[in-house]
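Undergrad: Can you read through this structure? Questions will come right after.
Every number in this text was worked out from the coordinates using simple rules, so none of it is lab data. In this text, all values refer to a predicted model and were calculated from it rather than measured experimentally. Here Cβ is always computed from backbone atoms with ideal geometry, including for glycine, and neighbour counts include all displayed protein chains.
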Amino acid sequence: MRQRFAFFVFILLFSVCFFLMMYYGEKTFFVKKTAKSEAKKQAYHFVLIPEETDNEYWRIIEKGAREAAEKYNVYLEYLGPKRANMGEHVRILDKEIAGKVDGIMTQGISEDHFTPLINKAMDRGISVVTVDADAPYSRREVYVGTDNYAAGFLAGQALLEDTEGKQVVGIVTGRFDASHQRLRVQGFRDAVEKEKRIEIAGIKESGISKTGAVQATYDLLKEHPDITAFYGTSALDGLGIARVISTMRPNSDPYIITFDTLPENMDLLRDGKIDAIVVQHPYEMGYRAVEMLVELKKGNHPERLQYTESKIIRQKDLDQFLKDNKGLYGDEDDPS
Ligand code: BGC
């Protein structure tokens with residue numbers, strides 16, 4: 001009888017222990033789905049590396065890329081520096097190459113830093129598409145983005161068309177070390193070069209942030225109080241320029257031309273605080289870049305240089321532009 005009881009207690013304890021082991025064991029050893037296992041279910045694993053993650057312009061590129069990724073069953077990561085930073089950007093690119101993703105979308109901000117890495121990715125069988133800023137001397141397979149020199153040239157032509165008499169110009173540029181920003185400045189310079197009435201007084205860097213653009217504009221005005229026109233070469237530069245004018249020089253009305261149709265820029269254009277905007281198509285860049293990577297992975301050979309449209313809009317064009325570009329921020333199903 002005693003033996004039976006002991007046996008019963010033993011079985012009971014054993015069952016309890018077994019149950020507890022199974023229950024907590026699963027909790028302890030169950031491995032959460034990793035990016036890799038998640039990626040396995042999808043056809044390809046691509047990464048989009050923005051100049052800075054929380055920049056509104058890059059969020060639009062991301063949106064385009066995400067919508068294309070969904071359509072083509074791609075696992076897409078969006079990884080980049082929090083604030084624009086060459087060292088970090090390059091480090092992330094290198095890490096993703098080591099991670100053996102199927103495809104990378106990145107800018108080619110500087111030939112020296114990006115070309116060797118892009119070539120390294122290609123050597124390892126990773127397809128590379130440059131977006132927004134090209135690295136034309138690398139072995140990248142496709143560039144999707146603005147023709148940055150041509151866009152800068154358009155900006156210079158717009159200044160010539162929209163102004164009369166002598167103009168003293170201050171340029172606020174995103175980064176001195178970024179090739180596409182330099183092309184935008186060069187295009188502008190070349191467009192106005194032969195016009196004696198245009199003088200470029202100075203150029204300062206904003207570091208692609210609004211506060212940086214405020215500081216750059218302030219410094220330009222301090223050094224050249226006779227400035228009559230401003231040219232901003234990256235998405236948030238116009239916001240900084242307009243802010244300084246409305247606080248420091250509320251009674252002046254300099255000519256302001258800047259890049260990108262972000263909602264705040266469009267508001268300033270509507271209010272007459274910015275005179276013209278150089279249009280880029282970030283949503284389309286992101287969408288098409290993913291499409292191109294898919295094409296490359298299938299063994300196809302898409303056109304290497306895929307320029308998205310750039311043009312100038314002014315206050316009078318605003319309503320028509322908004323009507324014609326309903327899908328500009330991915331509000332519609334198709335970016336085309
Ligand atoms: C440029 C991007 C840049 C962004 C910064 C855009 O005009 O094309 O390269 O990252 O401005 O806000």
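Undergrad: Please count, across the stretch 148-279, the pairs of lysine residues with Cα atoms under 24 Å apart that sit 8 or more places apart or on different chains.
TA: Pairs that pass both the separation and distance tests number 13.
Undergrad: Averaged over all directions, how much area does the convex hull of the C-alpha atoms of the stretch 215-324 cover when projected, in nm²? Can you show the working numbers first?
TA: On the way: hull surface 34.7 nm².
One quarter of the hull surface, i.e. the mean projection, equals 8.7 nm².
Undergrad: Work out the FRET efficiency for Asp267 and Asp123 from their Cβ-Cβ distance, taking R0 = 51 Å, and round it to the nearest 0.05. Each step should come with its number before you reach the end.
TA: On the way: r = 47 Å, r/R0 = 0.92.
Efficiency, from the Cβ-Cβ distance: 0.65.
Undergrad: Would you work out the charge dipole size for the chain about its Cα centre, treating the Cβ of every Lys and Arg as +1 and the Cβ of every Asp and Glu as -1, and quote it to the nearest 20 debye? Don't skip to the answer; put the middle values down first.
TA: Working: 45 positive and 52 negative charges, 378 e Å.
Using only the charged Cβ atoms, the result is roughly 1820 debye.
Undergrad: Output ³J(HN,Hα) for the stretch 156-172: one whole-Hz value per residue in order, computed from phi by the Karplus curve 6.51 cos²θ - 1.76 cosθ + 1.60 with θ = phi - 60°, and x for Gly and Pro.
TA: x, 5, 5, 4, 5, 5, 8, 10, 10, x, 5, 10, 9, 9, x, 10, 10
Undergrad: Assigning unit charges at the beta carbon (Lys, Arg +1; Asp, Glu -1) and nothing else, what dipole magnitude in debye, to the nearest 20, does the stretch 148-279 show about its Cα centre?
TA: 200
Undergrad: Just grab the label-to-label distance for Ala150 and Lys210, each label 7 Å out from Cα along the Cβ direction, in nm (one decimal).
TA: With each label placed 7 Å out from Cα toward Cβ, I get 3.2 nm.
Undergrad: Divide, for the chain, the radius of gyration over alpha carbons by 2.2 N^0.38 Å, where N is the residue count. Spell out each step's value before the answer.
TA: Values: Rg = 26.4 Å, N = 336, 2.2 N^0.38 = 20.1 Å.
Scaled against compact globular proteins, the figure is 1.32.
Undergrad: Right, here's the next one. Pairs of Cα atoms under 8 Å, at least six residues apart: use those to get the relative contact order of the chain, whole percent. Walk me through the intermediate numbers first.
TA: Working: 649 pairs, mean separation 58.3, N = 336.
Normalised by residue count, the contact order of the chain is 17 percent.
Undergrad: Two decimals, Cα atoms only, Kirkwood Rh: what is Rg/Rh over the stretch 148-279?
TA: Values: Rg = 12.9 Å, Rh = 14.1 Å.
Looking at the stretch 148-279, the ratio lands at 0.92.
Undergrad: Tell me, what is the FRET efficiency for Glu88 and Asn300 to the nearest 0.05, using R0 = 35 angstrom and their Cβ-Cβ distance as r?
TA: On the way: r = 33 Å, r/R0 = 0.95.
Computed FRET efficiency for Glu88 and Asn300 comes out at 0.60.
Undergrad: If you take the charge dipole of the chain about its Cα centre, with +1 on Lys and Arg Cβ and -1 on Asp and Glu Cβ, which of Leu76, Thr217, Tyr57 is farthest toward its positive end?
TA: Leu76
Undergrad: Here is a follow-up. Once the Cα atoms of helix 56-71 and of the chain are each reduced to a long axis, what angle between those two axes, in degrees from 0 to 90 to the nearest 10, is obtained?
TA: 50
Undergrad: Can you give the charge dipole size of the stretch 101-151 about its Cα centre, rounded to the nearest 20 debye, using +1 on the beta carbon of Lys and Arg and -1 on the beta carbon of Asp and Glu? Before the final figure, lay out each step's value.
TA: On the way: 4 positive and 8 negative charges, 36 e Å.
So the magnitude is around 180 debye.
Undergrad: Fully extended, how many nm does the chain gain between Gln157 and Leu79 (0.36 nm per residue separation, minus their Cα-Cα distance)?
TA: On the way: separation 78, 0.36 × 78 = 28.08 nm, distance 3.65 nm.
Here the segment from Gln157 to Leu79 would lengthen by 24.4 nm.
Undergrad: If we sort 50-60, 211-221 on the protection proxy, mean other Cβ atoms within 10 Å, highest first, what's the order? Walk me through the intermediate numbers first.
TA: Values: 50-60: 19.7, 211-221: 21.8.
Final packing ranking: 211-221, 50-60.
Undergrad: Under 26 Å from the Cα of Lys41, which lysines turn up, not counting those fewer than eight places away in the same chain?
TA: Of all the lysines, those that pass the test against Lys41 - Cα under 26 Å, at least 8 places apart if same chain - are Lys27, Lys32, Lys33, Lys63, Lys71, Lys95, Lys100, Lys297, Lys298.
Undergrad: What spacing in nm lies between the two simple spin-label points modelled at Glu70 and Lys326, each 7 Å away from Cα in the Cβ direction?
TA: My value for the distance between the label points is 1.8 nm.
Undergrad: Given the alpha-carbon gyration tensor of the stretch 135-194, what are the semi-axes of its equivalent ellipsoid in whole angstrom, ordered largest first, with each equal to the square root of 5 times an eigenvalue?
TA: Working: eigenvalues 140, 30, 14 Å².
Taking √(5λ) for each eigenvalue gives 26, 12, 8 Å, largest first.
Undergrad: Per 0.36 nm of contour for each residue apart, how much would the distance between Glu195 and Glu111 grow if the chain were fully extended, relative to their Cα-Cα spacing?
TA: Details: separation 84, 0.36 × 84 = 30.24 nm, distance 3.19 nm.
Value of the extension gain: 27.1 nm.
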